[in-house]
Amino acid sequence: MKKLLVLLFSILLLSSPSVFADDISDFQIEGISIGDSLLDYMTEEEILTEIEETKDLYSHLNEPNKYAEVYLSDTSSIYTGNLSFFVKHNPTSKYITNKNRNEKYIILSVRGMIDYIEDFDGCIPKRDEIVEELSMMFPNTQKTEHFLEHSADPSGNSIDHEVDFEFDSGGYISVSCDDFEETLRIKKNWTEGLSVSLSSIEIVNWLSDN
């Protein structure tokens, strides 16, 4: 039975048998899970437009176009309307049959974000609140904390303070605060702040390959 819903403001975790699951696909953010088809939430035209918009975001990786990020603005979302997904990248806009369309857009990572623009110190307490809740739920899950220079900024002036929960079955729940160097953030039109993400192991490995 699915699933766990992580709410950033209330830190409300639904009471259900799925709370004790250890498969990353048993969790949700805003009702969306890894393994869902993105076509259930967006049209193909919207997906392709987003893929074109975000095609250069991961140019610092060794395989920058192996996967594509798609943003969904939803004003009803608690994540200030910011949700994003990773799907396998297909460089063409031609899809063979309706039968295969859903397979092109299987969600491999889902992330909810709340802006803390130039407010890194304000982000950290909310992140720690979520981490504490997850730590109590999963005391035996491997947890690691990282304080890193952000790989997207070669100057080393952008930071990522992240806590990861790694599941034996594969996949991660990550809770992080990002703080980009301001000139770079404005130039790239990036947001920054708190994010909660559910990611398959293939996305975690891809994002680490730089």
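Specify the residue that is surrounded by the most Cβ atoms within 10 Å (Cβ to Cβ); the eligible residues are those in region 171-205 that are over 28 Å from GLU133 (Cβ atoms) and not polar (S, T, N, Q). So that I can check it myself, show each step before the final result.
First pass over region 171-205, keeping only residues over 28 Å from GLU133 (Cβ atoms): 181-189.
Those left that are additionally not polar (S, T, N, Q): 181-182, 184-188.
Numbers: GLU181: 16, GLU182: 13, LEU184: 16, ARG185: 18, ILE186: 10, LYS187: 10, LYS188: 13.
Top of the filtered list is ARG185.
Right, GLU133: in contact (Cβ under 8 Å) with a residue 60 or more places away in the chain and on the phi > 0 side of the Ramachandran plot or not?
Details: in contact (Cβ under 8 Å) with a residue 60 or more places away in the chain: yes; on the phi > 0 side of the Ramachandran plot: no.
No, not satisfied.
From the list ILE130, ILE117, ILE107, pick out the single residue that is in contact with a Leu (Cβ under 9 Å, 6 or more places away or on another chain) and either modelled with pLDDT under 85 or more than 19 Å from TYR58 (Cα to Cα) (or both). Full working, then the answer.
On the way: ILE117 fails: in contact with a Leu (Cβ under 9 Å, 6 or more places away or on another chain); ILE107 fails: either modelled with pLDDT under 85 or more than 19 Å from TYR58 (Cα to Cα) (or both).
One residue alone meets the criteria, ILE130.
Hey, any hits in region 14-33 for a residue that's part of a loop (DSSP other than H, G, I, E, B), more than 16 Å from SER195 (Cβ to Cβ) and at pLDDT 85 or above? It would help to see each step written out before you state the result.
Keep residues of region 14-33 that are part of a loop (DSSP other than H, G, I, E, B), which gives 14-16, 21-23, 30-31, 33.
Now narrow it down to the ones that are more than 16 Å from SER195 (Cβ to Cβ): 14-16, 21-23, 31, 33.
Within this subset, residues satisfying the condition of being at pLDDT 85 or above are 33.
Yes, region 14-33 contains a residue that is part of a loop (DSSP other than H, G, I, E, B), more than 16 Å from SER195 (Cβ to Cβ) and at pLDDT 85 or above.
Any residue in region 180-207 that is under 19 Å from PRO64 (Cα atoms) sitting within a Cβ distance under 9 Å of a residue that is part of a helix (DSSP H, G or I)? List the pairs, counting only those 6 or more apart or interchain.
TRP190/LEU184; SER199/ILE24; SER199/LEU207; SER200/ILE24; SER200/SER25; ILE201/ILE24
Which condition number does GLU63 fail, the rest of (1) assigned to a loop (DSSP other than H, G, I, E, B); (2) surrounded by 15 or more Cβ atoms within 10 Å (Cβ to Cβ); (3) at pLDDT 90 or above being met?
Going through the list (1) assigned to a loop (DSSP other than H, G, I, E, B); (2) surrounded by 15 or more Cβ atoms within 10 Å (Cβ to Cβ); (3) at pLDDT 90 or above, GLU63 breaks only (2).
Being surrounded by 15 or more Cβ atoms within 10 Å (Cβ to Cβ) and over 22 Å from LEU134 (Cβ atoms): is that true of PHE167 here?
No; evaluated as a whole, the condition is false for this residue.
Those residues that are among the β-branched types (Val, Ile, Thr) and touching a strand residue (DSSP E or B) at 6+ places or on another chain (Cβ under 7 Å), I need them from region 153-210; list them, please. Before you say what the answer is, go through the steps one by one.
Step one: of region 153-210, the residues among the β-branched types (Val, Ile, Thr) are 159, 163, 173, 175, 183, 186, 191, 196, 201, 203-204.
Scanning region 153-210 gives ILE159, VAL163, ILE173, VAL175, THR191, VAL196, ILE203, VAL204.
Hey, among the residues in region 134-153 that are among the aliphatic types (A, V, I, L, M) and closer than 30 Å to ASP56 by Cβ, which one's surrounded by the fewest Cβ atoms within 10 Å (Cβ to Cβ)? Working first, answer last.
Kept after step one, since they are among the aliphatic types (A, V, I, L, M), are these residues of region 134-153: 134, 136-137, 148, 152.
Pick out the ones that are also closer than 30 Å to ASP56 by Cβ and you get 148, 152.
Values: LEU148: 11, ALA152: 18.
Checked region 134-153; the qualifying residue surrounded by the fewest Cβ atoms within 10 Å (Cβ to Cβ) is LEU148.
The values are calculated or read from the model by the stated rules, or taken from the named source; none is laboratory data. Source: prediction; values computed, not measured. Here Cβ is always computed from backbone atoms with ideal geometry, including for glycine, and neighbour counts include all displayed protein chains.
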